[in-house]
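Colleague: First the structure, which I've put down as structure tokens, then a few questions once you've had a look.
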Amino acid sequence: MPEGYALVALLMSIGLVLLVAEVFLPTHGLLGLGSAACILGSIFVASRQNVWAGLGLLVAVAAATPFAWVAFVKVWPKTPIGRRVVLPDVVNEPPPAPARVGQSGVTV
């Protein structure tokens, strides 16, 4: 493995670890920014080594982004931090009708 591709693999793995850590730690997006910087840096380094490798990595990251976002939306509300931030589901049950047998009324 050439030296440049080792740097690509290192940056990509650091970016993925930071992305997973962003889900579980309350960093207000700082780990997410670091993750994006590492992933974009790995794409840049790969494109400097070989244009097709950089393009392939860019396409792979672009294709994986929606799946990562869906996983984030599904997993994050179940984490301890997510349970504190996300509101619980609303129960839309109508209140029980008052028991008034034999009365009549006028609807306005």
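The values are calculated or read from the model by the stated rules, or taken from the named source; none is laboratory data. What you see is a predicted model, and the numbers here were worked out from it, not measured in a lab. Cβ sites come from the backbone with ideal geometry, for glycine too, and all protein chains shown count toward neighbours. Surface areas here come from the heavy atoms of the whole protein model, side chains and all, with no ligands, DNA or RNA. Shrake-Rupley method; radii C 1.70, N 1.55, O 1.52, S 1.80 Å.
Colleague: If one computes the Cα centroid of the range 5-64 and of the range 82-108, what distance in Å separates the two points?
Modeller: For the range 5-64 versus the range 82-108, the Cα centre distance is 49 Å.
Colleague: By per-residue mean of other Cβ atoms within 10 Å, what is the highest-first order of 32-38, 76-82?
Modeller: Result, highest mean Cβ count within 10 Å first: 32-38, 76-82.
Colleague: For the chain, what is the mean residue ellipticity at 222 nm derived from helices alone (per DSSP H run of n ≥ 4: -39500 (n - 2.57); sum divided by total residues; nearest 500 deg cm²/dmol)?
Modeller: Mean residue ellipticity, 222 nm, calculated: -23000 deg cm²/dmol.
Colleague: Also: Just to check I understand the Karplus step: with θ = phi - 60° and J = 6.51 cos²θ - 1.76 cosθ + 1.60, what whole-Hz values come out for the range 70-85, glycine and proline as x?
Modeller: Whole-Hz 3J(HN,Hα) from phi for the range 70-85: 5, 4, 4, 5, 7, 8, 4, x, 8, 7, x, 5, x, 5, 7, 8.
Colleague: Leaving out ligands and nucleic acids, note down the accessible area per residue over the chain with a 1.4 angstrom probe, in whole Å².
Modeller: Dividing the accessible area of the chain by its residue count gives 80 Å².
Colleague: Could you work out what % of the accessible surface of the chain is carbon and sulfur, using a 1.4 angstrom probe and leaving DNA, RNA and ligands out of the count?
Modeller: For the chain, the apolar C and S fraction of the accessible surface comes to 72 percent.
Colleague: Once Rh for the range 41-103 is found with the Kirkwood sum over Cα pairs, what is the Stokes-Einstein diffusion coefficient at 20 °C and 1.002 mPa s, in µm²/s?
Modeller: Rounded to a whole number, D works out at 130 µm²/s.
Colleague: Can I ask one more? Can you list, largest first and rounded to whole Å, the semi-axes you get for the chain by taking the square root of 5 times each eigenvalue of its Cα gyration tensor?
Modeller: Three semi-axes, in Å: 53, 15, 9.
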